[in-house]
Amino acid sequence: MTGGTIRALGLAGAVAAVSMAGAGGAQAGAFGLREQSAQGLGVAFAGAASGGAGVSSIFWNPATVTMRPGFASEQSLSFINLSGEITPTVGTAPGLLPFGASGEVGQGAVVPSGATSYQLTDRLWVGIQTGAPYGLVTKPRQDWAGAVYARSSRIFSLAFNPVVGFKVNDWLSIAAGPSIEYFRLTLRAAVPVPGTFPGLYPSGFIKGESWGVGFTAGVLVTPAAGTAIGVGYRSSVHHDIAGSIGFPDPRQAIALGQVRANLNTPEKVSVGLTQAINPVTRINLGFEWDNWSRLGDVGIVSRALGVTVNHLPLNFKDSFFYSIGAEYDWSPNLTLRAGFGYDNVPIDFSNRSARLPDSDRYVVSIGGSYRWSEKVLLTASYAHAFFDRGLLLAGPGRDYNIGNIPLAASTDVSADVVSVGFRYQWDAPAAVAPAPLVRKF
């Protein structure tokens, strides 16, 4: 096989191959995970940047590491049950309509996270937070009307965030630290083969992974007893994703060889307010902004051909999350929580894909913590997300277009999250000097 033949085969298969990657790549960037704290879930993550998510508030604002005296560790385990179905409507290619809806696309996923804070002096703390800032698992039926746009999507990430916090004076704390992030994706879809019955289309895939480094920083202000205001920042992380494409025709895979793509995750700004109403009641407010619109279109480059063979048509908008929550100390050992949030997500009709039928959502949550002993605190929370119904359109004239095959559909999605956690105090710490906001939990 000559080099010219290989190059021709590569370019011929590039559009179908990388268009498949584009549909999945959009979901890799569009789905962020907030499930970093069982305590935070109970108040819909309201006040997470002002300490409302416990030790794990470090994820939103590293300056909250200075709120807890001594040496404490916190671990959370969240089960996310995403449920959804994509139903084809008029406008879908007539030959594909008989293959019907996607069936259940949601897949359950377990997300672990943890945080530790350690007080070095009366002014200096160190800490670390670990978790998954991004994730996705969806899997429609093998052969459905939109199989050429999605058969399965798996996104995995893991971030390590060590921080150093300093209490400047009685009312001001600052902190910063690096964020070390691993990112991996595996995306599969049917590959249209001329002369082949649509129900027998073989699968193609794209796989890739990357390590990247960013940073986090934050400020915490405690102007009066019972009041805490926090602002946290997580920087974009640059990922030079290296991977491969698989095809039913091995000549196409050989022609394209390895591929790479530059992806920059969005910056995140979190603002939180915690206000004590009385000695046993606290109100939390939260706001988050994620700069998803910075992603734009991501180019896919074939290392073998040395050219950009296609683009990931992400084209997201920025997302905004608003939340309010309350905590009530029922007894010295039991605290109850509830929260409500509204998530204005980066996906709408213009960029919705079959890999993630996402839409704006309302979140309702409840939870509680029980002090088992002086050293052990147990937490459990539950949240339900109500998604707006959405419409999906792919094909000619759209960003998501594989082989000019039209797909029109409606989406119906919901999600339930159950989170459990525990906190262990390794020592019997002295009081922080001075600490305007006193938290029993």
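The values are calculated or read from the model by the stated rules, or taken from the named source; none is laboratory data. Everything numeric in this text was worked out from a predicted model, so none of it was measured. Here the Cβ is made from the backbone with ideal geometry for all residues, glycine too, and neighbour counts use every protein chain on show. With ligands, DNA and RNA removed, areas are computed over all heavy atoms of the protein, side chains included. Shrake-Rupley method; radii C 1.70, N 1.55, O 1.52, S 1.80 Å.
Listing for the model above:
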{"quantity": "Qualifying residue in the range 409-419 (condition: under 30 Å from Pro194 (Cα atoms), within 28 Å of the chain's Cα centre (by Cα), aliphatic (A, V, I, L, M) and at pLDDT 95 or above)", "calculated": "yes"}
{"quantity": "Residue that is modelled with the highest pLDDT, among those in the range 357-379 that are of a type in the set (Asp, Glu) and open to solvent by 20 Å² or more (accessible area, probe 1.4 Å)", "calculated": "Asp360"}
{"quantity": "Residue ranges of strands (runs of 3 or more DSSP E) in the range 277-346 with at least 3 members within 18 Å of the chain's Cα centre (by Cα) and either of a type in the set (Lys, Arg) or over 26 Å from Gly403 (Cα atoms) (or both)", "calculated": "281-290, 319-331, 334-344"}
{"quantity": "Long-range neighbours under 7 Å by Cβ, at least six apart or interchain, first residue in contact (Cβ under 8 Å) with a residue 12 or more places away in the chain and surrounded by 14 or more Cβ atoms within 10 Å (Cβ to Cβ) within the range 394-406, second hydroxyl-bearing (Ser, Thr, Tyr) and assigned to a loop (DSSP other than H, G, I, E, B)", "calculated": "Ala394/Tyr149; Ala394/Tyr400; Tyr400/Tyr149; Ile402/Tyr149"}
{"quantity": "Single condition Ala93 does not satisfy, out of (1) crowded, with 24+ Cβ neighbours inside 10 Å; (2) out of contact with any strand residue (DSSP E or B) (no Cβ under 6 Å at 6 or more places or on another chain)", "calculated": "(1)"}
{"quantity": "Test set (1) closer than 16 Å to Thr121 by Cβ; (2) open to solvent by less than 20 Å² (accessible area, probe 1.4 Å); (3) touching a Pro at 6+ places or on another chain (Cβ under 7 Å) - Ala145 fails condition number", "calculated": "(1)"}
{"quantity": "Check on Ala115, buried (at least 24 other Cβ atoms within 10 Å of the Cβ) and over 19 Å from the mean Cα position of the chain (by Cα)", "calculated": "no"}
{"quantity": "Residue, nearest to Tyr362 (Cα to Cα), within the range 269-317, restricted to residues that are touching a residue at least 40 places away in the same chain (Cβ under 8 Å) and among the charged types (D, E, K, R)", "calculated": "Glu288"}
{"quantity": "Selection from the range 97-112 of residues that are over 17 Å from Gly32 (Cα atoms) and either open to solvent by less than 20 Å² (accessible area, probe 1.4 Å) or not hydrophobic (A, V, I, L, M, F, W, C) (or both)", "calculated": "Pro98, Gly100, Ser102, Gly103, Glu104, Val105"}
{"quantity": "Boolean, Tyr382 is out of contact with any helix residue (DSSP H, G or I) (no Cβ under 9 Å at 6 or more places or on another chain), surrounded by fewer than 19 Cβ atoms within 10 Å (Cβ to Cβ) and modelled with pLDDT of 95 or more", "calculated": "no"}
